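As structure tokens, the structure follows; a few thoughts come after it.
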Amino acid sequence: MSIAVTTQLICFSVLSLVVIIGALGVVLLESIVYSAFLLCGVFLSIAGLYLLLNASFVAAAQVLVYVGAVNVLIIFAIMLVNKKEDLKPIDNLKSRKIISTAICLTLVSLLIRVDLSKVWVIASPSSSIGEESTFRIGEHLFSDYLLPFEVASVLLLMAMIGAIVLARKDVMNKDIATGLPVDQELIEKTKEPFLIKKN
Amino acid sequence: MNLESIPLQAFLIVSSILFCIGIWGLLNSRNAVRVLMCIELMLNAVNINLMAFSSFVDNNLIKGQVFTIFVITVAAAEAAVGLAILLSLYRNRVTVDMESFNLLKW
Amino acid sequence: MENGLDLEYIFNEFLKGLGLSSEIAHIIWLPLPMLLVLVSAVVGVLVTVWLERKISAAAQQRIGPEYAGALGVLQPIADGLKLLVKEDIIPAKADSILFTAGPILVLIPVILSWLIIPFGQNLLISNVGIGIFLWIALSSIQPIGLLMSGYASNNKYSLLGGLRAAAQSISYEIPLALSVLAIVLMTNSLSTIDIVNQQSGAGILSWNIWRQPIGFIIFWICALAECERLPFDLPEAEEELVAGYQTEYAGMKFALFYLGSYINLILSALLVSILYLGGWGFPIPIEIIAEFLNIPINAPLIQVFTASIGIIMTVLKAYILVFIAILLRWTTPRVRIDQLLDLGWKFLLPISLANLLLTAGLKLAFPKFFGG
């Protein structure tokens, strides 16, 4: 076994272990802040997997968008809403957990069975595009995927406007019931939240 | 670098496990932020699949990589809007517990 | 354009001459450039710290460090040693894992970015295909480390500093990436080597600064903001936030932040010199000089000479920019946080978008001058 092959194997096993254990941590850890930082590790090692797959451009895009934007946003949101709160106990939580675990285990075994039983037609490595992939992605984006590309830009614009409108305090400053202007501070702090039923 | 050492199936298995972890978290989290994180995990699992197929099966045209770029774009938009919705929910209900967002429940 | 020294090739041939297989020679070669770059980054930081002390002293009509070595050149080493032997304190109520991981996560991406800094045609660690995009991607990891240390310190000033640092760094990343994109549009390549070669035609006249004056200014402002230098050092504004996310740090962990910020400053200066000031190019093309002196350009001695001129030029250009940054730090007041974010989102972002559009238009109109 040559050195390159061994390195690849070691890289792959370490990266996929980090992905899976990190994802388990994201889901299972008690502290939401730890989950968010572990999520960053998961994203980074997925970028590493992309590097193993010869896709350096997508790996960099993954780091830039997921780690640099999505994860930072998530951490920001956590810092804005992270208040110690005791969750209300709900009944039949345990049976829900058991059922969902069973469903997920069934699904994972089904997926793995499909993965292993189907014989995939592997293209020969000689036709691989390798480092030229950035150019090829550009060609695709401006020829056969031009419409999705343009639509994606509209989607991003819509998402930006939507996020600003939803998150700003002074946009929805009219009381829905009375139509009077309200002080947002009151809605947030002292006033009984409008949507909660009194019981 | 050619990948003679790692089979395609290995990438697919990693992505299947990641996807199911995501689903489990989605079903069981009480914290709305964690639900969003689980959605990101599932999208990433799909991306690993697309990337693995594009590099093993279609390594000249690499359409899978283009799809991954689109998925990343949509995921970024989804995260921004999702977190904004979360913030305004938190403003109205002063909690991030998924169980208390039940106005649309029949 | 495959001229110039190829040290890797020479080294590998030398080891093969000693009877080693090419694979082992490659493995022995691999750590050498990394080590060299790490050492040069640290030396660069020491020089910058000394410069900062001396220039700030001059700006305030003081003498500055004097007794440690001639002109105080050993002062930064003394500083470093002091930080090295200082007690490493983790506050009792801090989150010790995140508290330790924060500074590391801030430092590592900065050092990794040195992968793509070329000092000559073959004098860089790795000519990766995505080149400059790697740096943009890596520098976006930093805010996570800042948020981590800000949160883990369990101190409201640290948390606010971390949040500010992250907000600042994501808002200035976008105009930064857009101005780099304008350069990439002209070069038709992301590789830093190609970017420098594209500027090497007519010496100083073909540098990108003449073709991208707006991009140059945007890039420099954003680079200062990314490095958290005055006038954009809000995350550690003393009057408001004590020292921002660094407040609770002491000893080696503080030194990591310190090192990270200075390495980042040098890195940004190097990148400005590569993207806009012709990289390793001499103001007068070396080919013209060689022709004038009737020396064949491929003679071994000339190649060594060109390579050293290249390294000197890159470092010199970078240090001129570092000098400007230091001078700015000691002469300008700090902006307010809302002014900072307004400048980033409402001014630099539209301008850099317009610059990109203008570059694309000029490229179509004058393909000869703007890279066909």
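The values are calculated or read from the model by the stated rules, or taken from the named source; none is laboratory data. Because the structure is predicted, anything quoted here is derived from the model rather than measured. Cβ coordinates were reconstructed from backbone atoms using ideal geometry, including for glycine residues, and neighbour counts include every protein chain displayed. Just the protein is used for accessible areas: all its heavy atoms, side chains included, with ligands, DNA and RNA removed. Shrake-Rupley method; radii C 1.70, N 1.55, O 1.52, S 1.80 Å.
For the residues of A:156-164, the average number of beta carbons from a partner chain within 10 Å of their own beta carbon is 4. For the pair B:Asn92 and A:Ala123, a Förster radius of 51 Å applied to the C-beta separation gives a FRET efficiency near 0.45, rounded to the nearest 0.05. Roughly how many percent of the accessible protein surface of chain C is carbon and sulfur, given a 1.4 Å probe and a whole-percent answer? Within chain C, the accessible surface is 73 percent carbon and sulfur.
Just to verify a number: FRET efficiency for C:Asp342 and A:Ile164, C-beta to C-beta distance, R0 = 22 Å, to 0.05? In this case the efficiency is close to 0.90. Taken about its Cα centre, the protein assembly as shown carries a charge dipole of roughly 1500 debye when the Cβ of each Lys and Arg holds +1 and the Cβ of each Asp and Glu holds -1. Within the range A:1-82, all pairs of alpha-carbon atoms sorted by distance into 5 Å bins from zero give the percentages 3, 16, 21, 21, 17, 10, 7, 3, 1, 1, 0.
For the protein assembly as shown, the share of alpha carbon pairs falling in successive 10 Å distance bins from zero is 3, 13, 23, 26, 20, 11, 4, 1, 0, 0 percent. In percent, rounded to a whole number, the relative contact order of chain B is 28, using alpha-carbon pairs under 8 Å and six or more apart.
Taking the C-alpha atoms only, the angle from helix C:75-85 to the longest principal axis of chain C is near 60 degrees. Once C-alpha pairs closer than 8 Å and six or more residues apart are averaged by separation and normalised to the residue number of chain C, the relative contact order reads 22 percent.
Note on chain C: with a GNM built from Cα contacts shorter than 10 Å, the maximum mean-square fluctuation among C:Ile97, C:Ile209, C:Ile144 falls on C:Ile97. Per-residue ellipticity at 222 nm from helix content only, as computed over chain B with -39500 (n - 2.57) for each DSSP H run of at least four residues, stands at -26000 deg cm²/dmol. For chain B, the longest principal axis of the C-alpha atoms and the axis of helix B:63-93 are separated by about 10°.
Excluding ligands, DNA and RNA and using a 1.4 Å probe, chains B and A jointly bury around 8000 Å² of accessible surface, summed across both partners. Within the set of other residues whose C-beta is less than 12 Å from the C-beta of C:Ala59, count the net charge using Lys and Arg as +1 and Asp and Glu as -1. That sum, taken over residues with Cβ under 12 Å, equals +3. Hey, in the GNM for chain C with a 10 angstrom Cα cutoff, which one of C:Ile302, C:Ile266, C:Ile183 fluctuates hardest? Of the options given, C:Ile302 has the highest mean-square fluctuation. Within the listed set C:Ile289, C:Ile170, C:Ile90, the residue fluctuating most in the Gaussian network model of chain C (springs between alpha-carbon atoms under 10 angstrom) is C:Ile289. With a 1.4 Å probe and all protein chains left in place, how much of the accessible area of chain B comes from carbon and sulfur atoms, in whole percent? On chain B, the fraction of accessible area on carbon and sulfur atoms equals 70 percent. In the full protein context, the protein assembly as shown carries 49 Å² of accessible surface per residue, based on a 1.4 Å probe and ignoring ligands, DNA and RNA. Estimated from helices alone, the mean residue ellipticity of chain C at 222 nm is -21500 deg cm²/dmol (sum of -39500 (n - 2.57) over DSSP H runs with n ≥ 4, per residue).
Per residue of peptide C:95-108, the mean number of Cβ atoms on other chains within 10 Å of the residue Cβ is 1.
Each of C:Ile204, C:Ile295, A:Thr106 was placed along the dipole of the protein assembly as shown (beta-carbon charges, centred on the mean Cα), and the one lying farthest toward the positive end is A:Thr106. Seen against the Cα atoms of chain C and their longest principal axis, helix C:213-226 is set at about 40 degrees. A Cβ-based charge dipole, computed about the Cα centre of the range A:1-135 with Lys and Arg at +1 and Asp and Glu at -1, lands at about 480 debye.
Given the options A:Ala152, C:Leu358, B:Gln65, identify the residue whose Cα lies farthest towards the positive end of the charge dipole of the protein assembly as shown (+1 on Cβ of Lys, Arg; -1 on Cβ of Asp, Glu). Result: A:Ala152. At a 1.4 Å probe, what is the % contribution of carbon and sulfur to the accessible area of the range A:1-82? Heavy-atom surface of the range A:1-82 belonging to carbon and sulfur, 1.4 Å probe: 80 percent. In terms of packing, defined here as the mean over residues of other Cβ atoms within 10 angstrom, the peptides B:67-75, C:161-169, A:133-141, C:221-229 line up highest first as C:161-169, C:221-229, B:67-75, A:133-141. The mean number of Cβ atoms from other chains found within 10 Å of a Cβ in peptide B:37-46 is 5, as a whole number. Averaged over residues, the count of other Cβ atoms within 10 Å places the peptides B:92-102, A:66-76, A:149-159 in the sequence A:66-76, B:92-102, A:149-159, highest first. Contact order, relative form, for the range A:1-82: 27 percent (alpha carbon pairs under 8 Å, 6 or more residues apart, mean separation divided by residue count). Projecting the Cα atoms of B:Leu36, B:Ala79, A:Ile90 onto the dipole axis of the protein assembly as shown, where Lys and Arg carry +1 and Asp and Glu carry -1 at the beta carbon, places A:Ile90 farthest toward the positive end. Seen from all directions on average, chain C presents a Cα convex hull projection of 21.6 nm².
Rounded to the nearest 20 debye, the dipole magnitude of chain B is 400 debye, with +1 charges on Lys and Arg beta carbons, -1 on Asp and Glu beta carbons, and the Cα centre as origin.
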